[in-house]
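Participant: Below is a structure I'd like to ask you about.
The values are calculated or read from the model by the stated rules, or taken from the named source; none is laboratory data. Fair warning: this is a prediction, and the values are worked out from it, not measured in the lab. Here Cβ is always computed from backbone atoms with ideal geometry, including for glycine, and neighbour counts include all displayed protein chains.
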């Protein structure tokens, strides 16, 4: 059941990212044509594209984590293993994921506080009059998703470290496949 839920979520995330990117490109292209061909731009297009880009960026972090595409600095892990402070790359992966998870929890917590204050203040965007909390909501929502993905990866790494998994990350692979 976790596998099925993970697959559906991954597919939804992938589709939302693709649709968001296509719509952003169409909006920006249309505005460029309107501005330079017709000498009249759309007042709301840049604001909408900016909001979509914010959501796109935060969802992209989650997708990058899902696919293992985030950059890593291997120099630190090599030095830690050489000096005997860490035994395996998997233990370093767990440590890095735990630090990332702690950071993500803090970002999500304060993100929800910012959204709450934006709702209370009733702040709206200048061009579209869209509530600003809609844009700010991307931070805590996507941080929460990233946190779930990190927990799944940590569980998989711990299983691998304890020898209970032959794959890179059994739980993460269940989530992905």
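Participant: Just give me the residues in segment 14-33 being touching a helix residue (DSSP H, G or I) at 6+ places or on another chain (Cβ under 6 Å) and either closer than 22 Å to residue 61 by Cα or touching a residue at least 40 places away in the same chain (Cβ under 8 Å) (or both), in sequence order.
Facilitator: Selection gives 17, 20, 24.
Participant: More than 29 Å from residue 139 (Cα to Cα) and part of a helix (DSSP H, G or I): which single residue out of 22, 33 fits that description?
Facilitator: Only one candidate qualifies: 33.
Participant: Count, please, the residues in segment 68-98 that happen to be closer than 30 Å to residue 142 by Cα, free of Cβ contacts under 8 Å to residues at least 60 places away in the same chain and surrounded by 11 or more Cβ atoms within 10 Å (Cβ to Cβ).
Facilitator: The total comes to 9.
Participant: Looking at (1) surrounded by 13 or more Cβ atoms within 10 Å (Cβ to Cβ); (2) free of Cβ contacts under 8 Å to residues at least 60 places away in the same chain; (3) in contact with a helix residue (DSSP H, G or I) (Cβ under 7 Å, 6 or more places away or on another chain), which is the one condition that is false for residue 40?
Facilitator: If we test residue 40 against (1) surrounded by 13 or more Cβ atoms within 10 Å (Cβ to Cβ); (2) free of Cβ contacts under 8 Å to residues at least 60 places away in the same chain; (3) in contact with a helix residue (DSSP H, G or I) (Cβ under 7 Å, 6 or more places away or on another chain), just (1) comes out false.
Participant: Yes or no: segment 104-117 includes at least one residue that is buried (at least 20 other Cβ atoms within 10 Å of the Cβ), on the phi < 0 side of the Ramachandran plot and touching a residue at least 40 places away in the same chain (Cβ under 8 Å).
Facilitator: The answer is yes; a qualifying residue exists.
Participant: Hand me the list of helices (runs of 4 or more DSSP H) wholly inside segment 61-173 holding 2 or more residues that are touching a helix residue (DSSP H, G or I) at 6+ places or on another chain (Cβ under 9 Å) and either modelled with pLDDT of 95 or more or under 29 Å from residue 7 (Cβ atoms) (or both).
Facilitator: Because the criterion is at least 2 residues that are touching a helix residue (DSSP H, G or I) at 6+ places or on another chain (Cβ under 9 Å) and either modelled with pLDDT of 95 or more or under 29 Å from residue 7 (Cβ atoms) (or both), the helices (runs of 4 or more DSSP H) in segment 61-173 that meet it are 89-121, 133-136, 138-161.
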